Amino acid sequence: MTEAQTLQVKVRIDVGEMHYEGIGSIEEIVPQVMQFLIQAVPAYDLAKKLTYIPDLAGLADRVSQFARMTTTGQLLLTRIDLPAEKAITVLLFMAQLANKMGKRTSESMSIEEISTGVGRAPKTIRNLLVQIQRSGHIDRADRGRYRITSKGLMELERSLADNEKGGIS
């Protein structure tokens, strides 16, 4: 039995005249809460279907085969066989994650940081960044700094899922 299965939670939700109260394991309560919200707030079900919310934990798990983060927030690619465009998006995702974890002050990276991380010349990185930016997968955060976009996260999730099925894309 895992810790999550033995942990008991108590939830109370009030939506207008409707109420939900439940006690149980996380695995039991979460589906019940979701069902209650779908009934209490019909627009929630629609919004849930149409809203992209990246699975950062799942993405971090998949990206861990390509990159690691040191305890100081330095980002390291662990595989040199990645196409440069994918290596850049992996690094920018890792920068965003490191920022959310408090390991970096910014979710963006400079051309020099990306160049060092990918192992390519800054001029090559600049040219690639222009192409990736046109696709909408990254955007310019500040002068000379770039970050991954929601579209970039979605594409990274898709490409890593495809990768699990049959090779680097």
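Are any residues in the stretch 6-59 in a strand (DSSP E or B) and exposed (fewer than 13 other Cβ atoms within 10 Å of the Cβ), and if so, which ones?
Answer for the stretch 6-59, where residues must be in a strand (DSSP E or B) and exposed (fewer than 13 other Cβ atoms within 10 Å of the Cβ): Q8, K10, R12, D14, M18, H19, E21, I23.
May I ask you to verify whether I132 is in contact with a strand residue (DSSP E or B) (Cβ under 6 Å, 6 or more places away or on another chain), of a type in the set (V, I, T) and either in the same structural domain as L160 (by TED's automatic domain parsing) or part of a helix (DSSP H, G or I) (or both)?
Against the criterion (in contact with a strand residue (DSSP E or B) (Cβ under 6 Å, 6 or more places away or on another chain), of a type in the set (V, I, T) and either in the same structural domain as L160 (by TED's automatic domain parsing) or part of a helix (DSSP H, G or I) (or both)), I132 qualifies.
Looking for whichever is in a helix (DSSP H, G or I), in contact with a strand residue (DSSP E or B) (Cβ under 8 Å, 6 or more places away or on another chain) and over 17 Å from A60 (Cβ atoms) here; the options are I114, I125. Which one fits?
I114
Taking interchain pairs and intrachain pairs at least six residues apart, which have beta carbon atoms under 8 angstrom, with the first residue in the stretch 24-44 and aliphatic (A, V, I, L, M) and the second surrounded by 15 or more Cβ atoms within 10 Å (Cβ to Cβ) and at pLDDT below 85?
Sorted first by the residue in the stretch 24-44, then by its partner, the pairs are L37/Y44; I38/Y44.
The values are calculated or read from the model by the stated rules, or taken from the named source; none is laboratory data. Note that the coordinates shown come from a computational prediction; the quantities given were computed from them, not determined experimentally. Neighbour counts run over all protein chains shown; Cβ positions are idealised from the backbone, glycine included.
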